[in-house]
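Participant: Pasting a structure below so you can have a look.
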Amino acid sequence: MEKVPEHIAIIMDGNGRWAKAHGRPRIMGHRAGADALDRVMHYCKDVGIKYLTVYAFSTENWKRSDEEVSGLMRLLSRYIRTKEKQLVKDGVRFRVIGRRTDLSEKLQREIAALEEKTKGGEFTLLVALSYGGRDEIVRAALKFAAKGLDALGRLDDLEGAFSECMDAPDVPDPDLIIRTSGELRTSNFLLWESAYSEYYFTDVLWPDFGRDEFDKALASYATRERRKGGRLK
Ligand code: IPE
Ligand code: IPE
Ligand code: MG
């Protein structure tokens, strides 16, 4: 396929509605969402995508019930503990972006261990956890201020210098951002990095997102002309 994005980011939305439609508790929707992530990661590798970022838990999602939050944290912890072998075998470099200090110390340790064990992978999976785009920018601003402009010596490229203070400075900006479940908003996802990303919205709920939908999103992306401020060819 021509024009395959290098980096896809996904707002994996609709797990709760999927569970409701199936008459099951919300956590079952999140479990089905985790299975969808495994599938989609394979599609990405299949077509030569190098980076996948997924929005798994926002800084605002802490507002949800204790039951849902703790269920999600348990699911994450289990994902991290059980996927290690598979990720290493598949050449997946696992990374987390977001305010990881919000997570339990145990989960932080599990994340750090998995990041270390998978660091040689050629395909990068970035999981946004306790992530907010504004929060990431504010934390970057603090790091930037701490460095000081003199130390930076980069007055000719302040945006580049600032980008280096973001959570994954070595990862290129997303080319395509997909949001499932029919909501037409970013919900605080990758605000800095999405400046010139293409968007694809679908009504399909995240646990139902399969190969057909994935191919549709890629086909739509392939037709886009990314001018980035330049003129129409
Ligand atoms: C997305 O699904 C997953 C998280 C936000 C953790 P939701 O849980 O938001 O599903 P809906 O929007 O209620 O259907
Ligand atoms: C965005 O979904 C966050 C994740 C998918 C993790 P939400 O369901 O939290 O977003 P809103 O509340 O509909 O904007
Ligand atoms: Mg939602």
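Participant: Within the group VAL54, VAL88, VAL127, VAL69, which residue is closer than 23 Å to PHE214 by Cα, in contact with a helix residue (DSSP H, G or I) (Cβ under 7 Å, 6 or more places away or on another chain) and at pLDDT 95 or above?
Facilitator: One residue alone meets the criteria, VAL54.
Participant: Now for a different question. In the stretch 1-48, which residues are closer than 16 Å to ALA168 by Cβ and more than 16 Å from ligand 2 (Cβ to nearest atom)?
Facilitator: Scanning the stretch 1-48 gives GLU6, HIS7.
Participant: Looking at ALA161, is it surrounded by fewer than 18 Cβ atoms within 10 Å (Cβ to Cβ), away from ligand 1 (no atom under 16 Å from the Cβ) and either part of a loop (DSSP other than H, G, I, E, B) or within 16 Å of the chain's Cα centre (by Cα) (or both)? Lay out the reasoning, then the answer.
Facilitator: Details: surrounded by fewer than 18 Cβ atoms within 10 Å (Cβ to Cβ): yes; away from ligand 1 (no atom under 16 Å from the Cβ): yes; either part of a loop (DSSP other than H, G, I, E, B) or within 16 Å of the chain's Cα centre (by Cα) (or both): no.
Considered against the rule, which asks whether it is surrounded by fewer than 18 Cβ atoms within 10 Å (Cβ to Cβ), away from ligand 1 (no atom under 16 Å from the Cβ) and either part of a loop (DSSP other than H, G, I, E, B) or within 16 Å of the chain's Cα centre (by Cα) (or both), ALA161 comes out as no.
Participant: Inside the stretch 177-197, can you point out the residues that are farther than 16 Å from ALA128 by Cβ and surrounded by 17 or more Cβ atoms within 10 Å (Cβ to Cβ)?
Facilitator: Matches in the stretch 177-197: SER181 only.
Yes/no matrix, rows are residues, columns are (1) without any contact (Cβ under 8 Å) to a residue 60 or more places away in the chain; (2) more than 14 Å from ligand 3 (Cβ to nearest atom); (3) under 20 Å from VAL96 (Cβ atoms); (4) surrounded by fewer than 16 Cβ atoms within 10 Å (Cβ to Cβ):
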residue: ILE11; (1), (2), (3), (4): no, no, yes, no
residue: GLY16; (1), (2), (3), (4): yes, no, no, no
residue: ALA21; (1), (2), (3), (4): no, no, no, yes
residue: GLY29; (1), (2), (3), (4): no, no, no, no
residue: ASP46; (1), (2), (3), (4): yes, yes, no, yes
residue: VAL54; (1), (2), (3), (4): no, no, yes, no
residue: SER58; (1), (2), (3), (4): no, no, yes, no
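Participant: Which count do you get for residues in the stretch 182-200 that are small (Gly, Ala, Ser) and within 15 Å of ligand 1 (Cβ to nearest atom)? Working first, answer last.
Facilitator: First, the residues of the stretch 182-200 that are small (Gly, Ala, Ser): 182, 187, 194-195, 197.
Going one step further and asking which of them are within 15 Å of ligand 1 (Cβ to nearest atom), we end up with 182, 187.
The qualifying residues number 2.
The values are calculated or read from the model by the stated rules, or taken from the named source; none is laboratory data. This one's a predicted model, so the numbers in the text were calculated from it and none came from an experiment. For neighbour counting, all protein chains shown are included, and Cβ atoms are generated from backbone atoms with ideal geometry for every residue, glycine included.
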